[in-house]
1. Over the chain, with a Gaussian network built from C-alpha contacts below 10 Å, which listed residue (N259, N232, N90) shows the highest mean-square fluctuation?
2. Once label points are set 7 Å from the Cα along Cα→Cβ at both T316 and E74, what is their separation, rounded to one decimal in nm?
3. Please give the charge dipole size of the range 103-164, origin at the Cα centre, charges +1 on K and R Cβ atoms and -1 on D and E Cβ atoms. Round to the nearest 20 debye.
4. Name the most mobile residue of I129, I228, I100, meaning the one with the largest mean-square fluctuation, in a Gaussian network model of the chain with Cα contacts below 10 Å.
5. Within the chain, what's the longest run with no trypsin sites (Lys or Arg not before Pro) in a DSSP loop and at most 16 other beta-carbon atoms within 10 Å? Give the range, please.
6. Assuming a ≥ b ≥ c are the square roots of the Cα gyration tensor eigenvalues, decide whether the range 147-270 counts as rounded (a/c under 1.5), prolate (otherwise, with a/b larger than b/c) or oblate.
7. Mind pulling up the Rg/Rh value for the chain? Radius of gyration and Kirkwood radius, both on Cα.
8. Note the angle between two axes, namely the Cα long axis of helix 85-95 and the longest principal axis of the Cα atoms of the chain, as a number of degrees from 0 to 90, rounded to the nearest 10.
Amino acid sequence: MIRPVARCFALWLVLMSVGRANADDHLSPARDIQASHPWKIAFVTKAGEGGNAYRRRLAQGARQAGADFRVRVEVMTPDSERYDVALQVNLVDRLAHSDIDGLVLAPINSNLLVEPVERVVAAGKPVVILDTPLSSRAVLTQLAFDNQQAGRLAAEWIMRRLDGRGRVLILSGQEEGQNAIERRNGFLDALAASDIEVLDMQSANWLRGQAERVTRGWLDRFPHIDAILAANDTMALGAADAIARAGRTGILVTGVDANPEALAAIRAGRMHVTIEQSPEAQARAAVQLLVRHLERGETYPAQSVWREMPLLDRETLEADVPAGNH
């Protein structure tokens, strides 16, 4: 059995949560304001597959926030088809010398974007980090989904379905990305409390095609697979594609994001559970934090944790439980 390499991180999360019931009040929609000036905000997403619904949902949330808060939000992406750190670095570098008033960035890499982001900050443009954490203290705040808890929730669902015994595989995101590391550790930390064996764990870099190729290899290697835990819906759909093409049955597939195609796949039995990230609401909150800082000089905790994460399986979907109302 593969066991987690960072159990202490889970303990840290527990300790940090004690006594901070109101620590994330600054994210409450009740505190939203409209701008008195048409601030120009760049909203830079990660690149990814052209059909990446999570990225589309972030962009939709950002644009709607711009309209609602009366600011100019320009959604930018370094490339529409693939993750490319160098392209994102170049884009952020250019923004340091542009006429923007602030930046929301979902960095591809937690370390390689540090220098360009700090150049933006040095140019007098506040930065809010969204999604993947950045290894820098120069930013206004880092708004992050609780990725470790999301991984735990998916793994615990698998543990219940398998009665604590079985053989599973893990599809992780980009190895250097902190959100990928935290989701992987969440999977492993939960599974360590069971008799479930992790047969293998590989990165598919958040991509559907790569996840399908990895899963095809696993299906050839392992005659008995009970579940595949994927760190996002895009990879989960890739795994489901490979399983369907191979004619294999009885393999549970989990994802994270609650994207429309994943929800349809759950209803059809190709996937089995996902975790709602509410990217539209997260993007809206990130833009609002910048608006309040630009208008009033508000400051925030270094870490702003998005804690709402409904778990959606066929039962909840058939019961018409809404995904991530905020």
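1. N90
2. 3.8
3. On the way: 6 positive and 6 negative charges, 13 e Å.
For this selection, approximately 60 debye.
4. Checking each option, the largest mean-square fluctuation is seen for I100.
5. On the way: sites that count: R20, R70, R82, R137, R248, R307.
Within the chain, the longest run free of exposed trypsin sites (Lys or Arg not before Pro) spans 138-247.
6. Working: a/c = 1.29, a/b = 1.08, b/c = 1.19.
Rounded.
7. Numbers: Rg = 19.7 Å, Rh = 20.1 Å.
So for the chain, dividing Rg by the Kirkwood Rh gives 0.98.
8. Once rounded, the angle reads 20 degrees.
FYI, it's all coordinate maths here, none of it is from the lab. Since we're looking at a predicted model, the values are computed, not measured. For neighbour counting, all protein chains shown are included, and Cβ atoms are generated from backbone atoms with ideal geometry for every residue, glycine included.
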